[in-house]
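The values are calculated or read from the model by the stated rules, or taken from the named source; none is laboratory data. As the structure is a computational prediction, the values presented were derived from the model and not from experiment. FYI the Cβ positions are ideal-geometry reconstructions off the backbone, even for glycines, and counts take in every protein chain you see.
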């Protein structure tokens, strides 16, 4: 068995099945599953990155290059993030854009702030938004395509808030890279081609169809140039007039009309909803973490996004529970470690389903979200892990909490992109950004796609006995999110240790937990941690990345009662770590991201 562990660990650290992508389209798209926000599109071996001054990690090389150009011009981390996001709106339209929302964690050398650009539900919606006339919930695809699920976009207003406080370069300067690319064109990547080819709805949209597809219905070929003059005009207006150009006037009117006038699935967004949108400045969700799996005896401060974000709480629960189990003596090559990890994930997701929602509408259990990560509570939860899988965990009760809320049923979650940046002044940020499902609501307005973020609410407002679900639809409410932008600091020195995060729907939580555990407990570089196979549980089956674990490993989990499913778990982790005064970066080989800097 020891030889098996040694061979497996070497294979896992080497990245397993990574391979260079073929420029030919795949014959049969793989990795599709309801849990997967975007299909797989091959993988590319990433060498990792090292530098000394600054770094940009994003989901597309052109976006990373735009951010790097802004940093070299004297811009701040926030300046670079704005440039990156505008380029991603163009080159990675399936994942994020100005038609969606974002969470940003920012560190200015003194404090961490959380800037909330999450979408909001229109004022006219009710908790029955996703119920059919017979009272049963709609199927996901029934809800997502059209106007029904479109929330008020928050990204542009949040970025404007961030720039007002942390920007260095003029606002309009930050839009230049994206405007130039939109006018001159960018080459269609293999990933974009693959996702366009597998999507069944986008080609039906009167604006998106002619833009992304040829007349025969095939996507624009890999390497062909896509130009988007309409988006260039929108970006030019936002650059000149600020966010008001987006939230008021002709652009807002066009968004509202597309949502309300959809022939099959209209929504209820209004001009008043658009004009009233406000980004929120929140306190980050931070906790101390001292890994027991390492002899270094270092203590860290892990800061994530508070509710309506659910990722930080769930990740802290997973890490804390593992610290109270035998897992702290094991590594990923041991099936017993995976048993402990996925059980911890089940427990965390059970609490997430019961408690976490928009804090402006739902009170924290026991009066504080910190109640869910108190050491005594996590030790109590850890004691529930036995030699056999619990298969489905039940939520706990952090003393002295009482709740009238029912647990949200398991439901589809999708989408997103992640950006990590550190600048020469010591500013750092982690920003996860989304339009939810791949290509959002499949509605294009002036060259950008609208989100379907309202499907992150529970389709059911209450359980069979009438107990309400915390994350139900309500007017003006922000849907619960799995986005997990994370900043880590050394508790002794106070210095930044790591910025990271990932896309991936609800699996974002497991992807980001993997990154943190592997870097902080096992001492891996960001690239080594990202290259490890993906795994996790959403409080159901044990999910393993396909073709990355050998049969004896899987058999050992099944012997402990795990229902194992192998999937194409297409994470998009980006990370930058500070090491001895320099920086090490990693980008996910499963997508097309890039870390660059000096």
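Modelled with pLDDT of 95 or more, at positive phi and buried (at least 16 other Cβ atoms within 10 Å of the Cβ), is that true of residue 249?
Considered against the rule, which asks whether it is modelled with pLDDT of 95 or more, at positive phi and buried (at least 16 other Cβ atoms within 10 Å of the Cβ), residue 249 comes out as no.
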Of everything in the stretch 129-159, what is assigned to a helix (DSSP H, G or I) and in contact with a helix residue (DSSP H, G or I) (Cβ under 9 Å, 6 or more places away or on another chain)? Give them in sequence order. 140, 143, 144, 155, 156, 157, 159
Pull up the stretch 456-469, narrow it to residues that are in contact (Cβ under 8 Å) with a residue 40 or more places away in the chain and assigned to a loop (DSSP other than H, G, I, E, B), then point me to the one that is surrounded by the most Cβ atoms within 10 Å (Cβ to Cβ). 457
Do we find a residue being in a strand (DSSP E or B) and out of contact with any helix residue (DSSP H, G or I) (no Cβ under 9 Å at 6 or more places or on another chain) anywhere in the stretch 479-487? yes
Testing residue 203 on (1) surrounded by fewer than 22 Cβ atoms within 10 Å (Cβ to Cβ); (2) in contact with a helix residue (DSSP H, G or I) (Cβ under 8 Å, 6 or more places away or on another chain); (3) in contact (Cβ under 8 Å) with a residue 40 or more places away in the chain, one condition comes back false. Which one is that? (3)
Find the residue count for the stretch 128-147, including only residues that are free of Cβ contacts under 8 Å to residues at least 40 places away in the same chain, under 25 Å from the mean Cα position of the chain (by Cα) and either more than 27 Å from residue 203 (Cα to Cα) or surrounded by 15 or more Cβ atoms within 10 Å (Cβ to Cβ) (or both). 0
What number of residues within the stretch 230-280 satisfy the criterion of being more than 21 Å from residue 167 (Cα to Cα), in contact with a strand residue (DSSP E or B) (Cβ under 6 Å, 6 or more places away or on another chain) and assigned to a loop (DSSP other than H, G, I, E, B)? 1
Within the group 258, 244, which residue is out of contact with any helix residue (DSSP H, G or I) (no Cβ under 7 Å at 6 or more places or on another chain) and in contact (Cβ under 8 Å) with a residue 40 or more places away in the chain? 258
Considering each residue of the stretch 413-434, count those that are in a loop (DSSP other than H, G, I, E, B), at pLDDT 95 or above and surrounded by 24 or more Cβ atoms within 10 Å (Cβ to Cβ), and give that number. 1
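Here's the yes/no breakdown for (1) assigned to a loop (DSSP other than H, G, I, E, B); (2) buried (at least 19 other Cβ atoms within 10 Å of the Cβ); (3) under 23 Å from the mean Cα position of the chain (by Cα); (4) at pLDDT below 95:
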residue	(1), (2), (3), (4)
297	yes, no, no, yes
302	no, yes, yes, no
312	no, yes, yes, no
320	no, yes, yes, no
343	no, yes, yes, no
348	no, yes, yes, no
352	no, yes, yes, no
370	no, no, yes, no
376	no, no, no, no
Residue 386 vs (1) surrounded by 24 or more Cβ atoms within 10 Å (Cβ to Cβ); (2) without any contact (Cβ under 8 Å) to a residue 24 or more places away in the chain: all pass except (1)
Of all residues making up the stretch 583-597, the number that are in contact with a helix residue (DSSP H, G or I) (Cβ under 8 Å, 6 or more places away or on another chain) and not in a strand (DSSP E or B): 5
What are the residues in the stretch 354-368 that are surrounded by fewer than 23 Cβ atoms within 10 Å (Cβ to Cβ) and without any contact (Cβ under 8 Å) to a residue 40 or more places away in the chain, if any? 363, 366, 367, 368
Of those in the stretch 544-582 that are crowded, with 23+ Cβ neighbours inside 10 Å and part of a strand (DSSP E or B), the residue nearest to the chain's Cα centre (by Cα) is 574
Being out of contact with any strand residue (DSSP E or B) (no Cβ under 7 Å at 6 or more places or on another chain), buried (at least 24 other Cβ atoms within 10 Å of the Cβ) and closer than 21 Å to residue 310 by Cβ is the requirement here; does residue 453 meet it? no
Of all strands (runs of 3 or more DSSP E) completely enclosed by the stretch 43-127, which ones contain at least 2 residues that are within 18 Å of the chain's Cα centre (by Cα) and closer than 30 Å to residue 225 by Cβ? 55-58, 101-107
